[in-house]
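Novice: Have a look at this one before I ask anything.
Every read-out reported here was derived from the displayed coordinates using simple, explicitly stated rules and does not represent laboratory data. Treat the numbers as computed from the prediction; the structure is a model and nothing was measured. Cβ coordinates were reconstructed from backbone atoms using ideal geometry, including for glycine residues, and neighbour counts include every protein chain displayed.
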Amino acid sequence: MDLERQLAWLRSYALVTYPFACVPFLFLFFTDHGIDAAEYGEVLTAYYATMFVAEVPTGVLADRVGARKMLVLGPCLLAAGFVTFVCWHAYPGFLLGEVLLGLGHSVLSGPPTVALYETLKEHGQQHRYLAEESRIHARRLYGTGAAFLLGGVVVRFGAPDGAAYVPAILLTAGLNGTAALFAFRLRERGEPTPAKPRGPFLAHAQRELKAPAVRWLLLYWVVLFTLLRFPFHNYQPYLKATSAIEPLFANAALVGVIFAVLNLFAAPLSSKVPALVRRWGRRPLFWGMPLLLCASLLVMAVERRAADAGEGMAWLCWLGVAMFFVQQVPFAMHWSLVHEFVNHRIGSHARTTVLSVLSLGARAVYAVANVLLFRLQEDEGLARVLFTTAGAGALATAVALWLRPRGTLRGDEGLD
């Protein structure tokens, strides 16, 4: 059956969409080449700034040429970014590499979910979207988790000093190439749209964004995205800091296991999203995701404050690292919930572009927040920045949910 065959290739593609074996160790690779916390924030901001610039153009391109071509292009750009780190391991090279990664991610921000939705729609099965998206996102998490584990093994045992970062980076680039090969097996949905003037196309997307529910989602997504991304980028700095008290956190193999288990922990939760929606409804889930992130950051901040006061203990370090797992709960849930929200409100001719615009807004805000937060971290330490993020995030969540249009999260499909 064509539908099941195409779904099988989409699931296979999901396993290697983000095979980031080297990501748990990039901070250490950067610092080995003279990068401090503030510069690390700047390098990351090059990635988010690129996505700010590239999101809408790549979304428009995807709507014109089709999702399949973008699913091939995205992993190729990601591979080029990782190779750049190896070929030019200095601040300018890291900036360029992050620019290429930003381009790759912007290419992939909409097409995977659009390819799934359009595949189901072609066969009259669009009602299966949430369940299939949840399963596919679980595959992404499993694939990324396995890559993290493999990366930890490569880094720990690939060199006598347990710091084989370059082989892990090249492994990541190779796995990205595998994703591009899988994308070639997907069937394009219809003919690419002929080139059209960009203005009218974007004007249509702008009209879609005038819907109060979609405008509200943009505000909510900005808050949630910031609370999701900042902790993730701080996992390795946090592990490095806590390793002064708990030396096990300096072991690359254990770090790889931690990152792998994080994804393996999140994957089953992603597949349970439809059941959670049926049991609790969307409103508690939309409240709970950002507030749970804030609570976990507060626990990590308390641990770092104790360590700064000379009262740090190994069990507190483990408690702080346990918060990584707490943060995986909203990470596992947010993708399916947010994309379902959009797919039920936007026409297929503009869906990719609107998803890109939502992503653009979130990444533009986070690009600024990222620089400020990592500068604060360099100047005042982890404890201060974690307290600040938790408090500001909780306040922003309350404001965003208070402003939502009446009835936005009600109904069987979450429609107004």
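Novice: Considering the dipole of region 43-185 built from charges on the beta carbon (Lys and Arg +1, Asp and Glu -1) around the Cα centre, which of 125, 181, 65 is farthest to its positive end?
Specialist: Going by the charge dipole, the pick is 125.
Novice: To continue, here is another question. Over the Cα atoms of region 103-182, compute the convex hull volume and normalise it per residue, giving Å³.
Specialist: Convex hull of Cα atoms, per residue: 92 Å³.
Novice: Calculate the translational D of region 222-353 in whole µm² s⁻¹ from Stokes-Einstein, where the hydrodynamic radius comes from the Kirkwood formula applied to all Cα pairs, the temperature is 4 °C and the viscosity 1.567 mPa s.
Specialist: Once the numbers are plugged in, D ends up at 79 µm²/s.
Novice: Stokes-Einstein diffusion coefficient for region 1-134 at 25 °C in a medium of 0.890 mPa s, Rh from the Kirkwood formula over Cα pairs: what value in µm²/s?
Specialist: 152
Novice: State the answer as a single residue: which of 365, 216, 329 lies farthest towards the positive end of the charge dipole of the chain, with beta carbon charges of +1 for Lys and Arg and -1 for Asp and Glu, about the Cα centre.
Specialist: In the chain, that residue is 216.
Novice: Follow-up question, since we're still on this one. Determine the dipole magnitude for region 254-341: charges of +1 sit on the beta-carbon of Lys and Arg, -1 on that of Asp and Glu, nothing else is charged, the reference point is the Cα centre, and the result goes in debye to the nearest 20.
Specialist: It comes to approximately 460 debye.
Novice: Can you tell me the Rg and Dmax of the chain, counting just the alpha carbons, in angstroms?
Specialist: 20.7, 65
Novice: To the nearest 20 debye, what is the magnitude of the charge dipole of the chain about its Cα centre, counting +1 on the Cβ of each Lys and Arg and -1 on the Cβ of each Asp and Glu?
Specialist: For this selection, approximately 1480 debye.
Novice: Counting Lys and Arg as +1 and Asp and Glu as -1, each charge on the Cβ, what is the dipole of region 2-129 about the Cα centre in debye, to the nearest 20?
Specialist: For region 2-129, the charge dipole is close to 560 debye.
Novice: Over the chain, what is the relative contact order in whole percent, taking alpha-carbon pairs under 8 Å and six or more residues apart?
Specialist: 28
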